[in-house]
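Down below is the structure, laid out as C-alpha cells.
The values are calculated or read from the model by the stated rules, or taken from the named source; none is laboratory data. Note that the structure is predicted; figures quoted are calculated from it, not measured. Quick reminder, even Gly has a Cβ in these numbers, built from the backbone with ideal geometry, and neighbours come from all protein chains shown. When the accessible area is computed, the model is the full protein with side chains, heavy atoms only, and any ligands, DNA or RNA have been set aside. Shrake-Rupley method; radii C 1.70, N 1.55, O 1.52, S 1.80 Å.
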Amino acid sequence: MKESKKTRRLHQKARERYLIWSEALATYWPFLVLVAAGFLLAFHFVKPAPPKTLVMSTGREDGLYHAFAKQYQDFFAKNGVTLELKSSRGSGENLRRLREQEANIAFIQGGVASNRHQADTSENLLSLGSAFYEPLWVFVRSEHMPKNLAELKGRRVTIIQESASSRALAYRLLAANELDEKDIHLIPMEEMEAADALQQHKLDALFVIAAPEAPVVQVLLRSPMVRLMSFTQAEAYRRRFPYLFRLTMPEGAVDLVRNYPPQDTELLAATANLVINEEVHPALQTLMLSAMREIHGDSGFFQARSEFPAYKDSDFQLSPAAERFYASGPPFMQRYMPFWLAVLMERFLILAIPLVTLLLPLVRFAPALYHWRIHARLCNVYGELKFLELDLSKNQTEETRRELIRRLDIIEETASRMPIPLRFTDMLYTLKAHINLVRKRAGKSGEEKMEEEKDST
C-alpha cells in the first residue's frame, strides 16, 4: 500500500510537471519563436572566430621590415596567434601578394600605390595605418656638400637596392631635378659595401631609404668623413609628392659632443604602412594595431611619443577596425582580458543582446500572461455555466430540464478533465462548487445524480 501511494504521488508530480511545461509552451511559444529569430539575426552579423594563423609579407630577411615583423610575430605568439612571415623583394612584391591572396598583411611603402592604378591596388585592400617614417638619406663626402640634388650631376652615386620601390622613389626625385642615368654615374653596390666606398672616396653620394635604425644609416651618421645632405627645398618636394613628409633632424641629435649634425637638417620621408586584405578578421586587425602601438609608440629621431601608429598615407582606405582603434583604443575587453577570451566574450555579447532584449519582457510579463491563460480557460467554463443558469431561470418542461442537466454534466466533466497546474487548483475547486450550486437550482444535488447513475447500471 505504501508503495502504491508513493507511486501515485510520483505519477501526480509527473503529471503536474507535464501540465506546467505544456501550458508554458502553449503560452510562451510566440516569445520563443521571437527570441530564436533574434538569435539567428544576431548570428548572421557575428563574424566567425578569428583564425589562429596570419600570413605577413615583409621584405628582405636582413632588412628592417623583416626585423619589425619578427617583433610582431613575438607579440602575436603571446596572444595565441601564429604570424607566418614571408620575406620579399619589397613593397611591389608585397602588393602583388596581397592582391593574389598569398598574404593577409604586408608592409607597403608610402607612394607605391600612388604610381599604380588605384583599381588594381585598393579594390579589396585596406590600411591599418603607418608604422614609422622611412626617411630618404643622402650621404655625401664631407668635402663635396651639394646644395640640392641637381648638383649631383656627373657624380658617382649609389642607390641602395633595398627594394624596387625605394629605387623608384629615388629615381623620381632625381627626375624632378632633370637628372637621369645618363647624367650621373650609377654604381650598384650592397649597403655596407657602399658605406665603405663612400668613406674611402670611391663614391660621391649614397641614397638609402630606411628607418633611422637601419645599420647602414647608423654607420654613416657616425662617420666623420661623411655628411648628411639637407633638403633645403623639402617643402617644394612635399607639395609635388604628397606621400612624402618633411622631417627635421635637430642640431646635435646624433652626437651632442661632436654636435652632429652641425645644424638642423631637413629630410624627406615616406611612411611604412601596414596594408591588409579586407577579409582579415577585425579582431586580428585590432591585435596588429596593438602590436604596432607597443613596438612603434615610443619617441624617436623624428617622431613624438604615441605618434605612431597613425593614418598618414591615404593611398588605401583606412579599415573600419583601425578607425575605431584610433578613435577609442582597443576594445574594452581586450584591454583587460587575454585576446582569445576577449574575442569569445565579444561574440557572446553580440549574440546575447537580442536574447536579453527579448527575454526581459518575457520574464516580466510571462507570469501575468500565464495566469491570464489559466483564468481565461476557467472563464470559458464559467461562461457556459452562466448561460445554463439563465436557461434554468425560464419556465422549463421536464424534458428541457433534463437536457439542461445533461449540459451541466458535460460542463462538470470538462472542468474535471481540465489540465490545471497544482497552484491553480483552488480556482478549479471554486468552479466545481459553483457547478454544484447550479445543479441544486436545477433540482438535483450531486448525491441524487450519483443515485440515478447507480440505478441505471
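Results, tabulated for the structure shown:
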read-out	value
Filter result for residue 389 (in contact (Cβ under 8 Å) with a residue 40 or more places away in the chain, in a helix (DSSP H, G or I), within 30 Å of residue 433 (Cα to Cα) and over 13 Å from the mean Cα position of the chain (by Cα))	yes
Candidate set from the stretch 376-395 (those that are at pLDDT below 80 and open to solvent by 50 Å² or more (accessible area, probe 1.4 Å)); member that is farthest from residue 420 (Cα to Cα)	395
Helices (runs of 4 or more DSSP H) (entirely within the stretch 1-101) containing at least 2 residues that are at pLDDT 90 or above	64-78, 91-99
Matching option when the condition is more than 25 Å from residue 66 (Cβ to Cβ), at pLDDT 90 or above and assigned to a helix (DSSP H, G or I), among 266, 235	235
Filter result for residue 237 (farther than 27 Å from residue 186 by Cα and of a type in the set (Phe, Trp, Tyr))	no
Close pairs from the stretch 292-305: first at pLDDT below 90, partner open to solvent by 40 Å² or more (accessible area, probe 1.4 Å), Cβ under 7 Å, at least 6 apart	299/305; 301/253
Scope the stretch 220-265; condition among the β-branched types (Val, Ile, Thr) and either farther than 21 Å from residue 144 by Cα or free of Cβ contacts under 8 Å to residues at least 60 places away in the same chain (or both); matching residues	248, 254, 257, 265
The stretch 127-163, subset of a type in the set (A, V, I, L, M) and surrounded by fewer than 21 Cβ atoms within 10 Å (Cβ to Cβ), residue modelled with the lowest pLDDT	145
Single residue of 400, 425 found to be modelled with pLDDT of 80 or more, assigned to a helix (DSSP H, G or I), β-branched (Val, Ile, Thr) and surrounded by fewer than 14 Cβ atoms within 10 Å (Cβ to Cβ)	400
Residue 195 being open to solvent by less than 10 Å² (accessible area, probe 1.4 Å) and either of a type in the set (D, E, K, R) or at pLDDT below 90 (or both)	no
Of all residues making up the stretch 166-218, the number that are of a type in the set (Asp, Glu) and under 18 Å from residue 261 (Cβ atoms)	1
Odd one out for residue 329 among (1) at positive phi; (2) buried (at least 16 other Cβ atoms within 10 Å of the Cβ)	(2)
Out of 369, 358, 362, 351, sole residue that is under 30 Å from residue 78 (Cβ atoms), out of contact with any strand residue (DSSP E or B) (no Cβ under 6 Å at 6 or more places or on another chain), at pLDDT below 80 and not polar (S, T, N, Q)	351
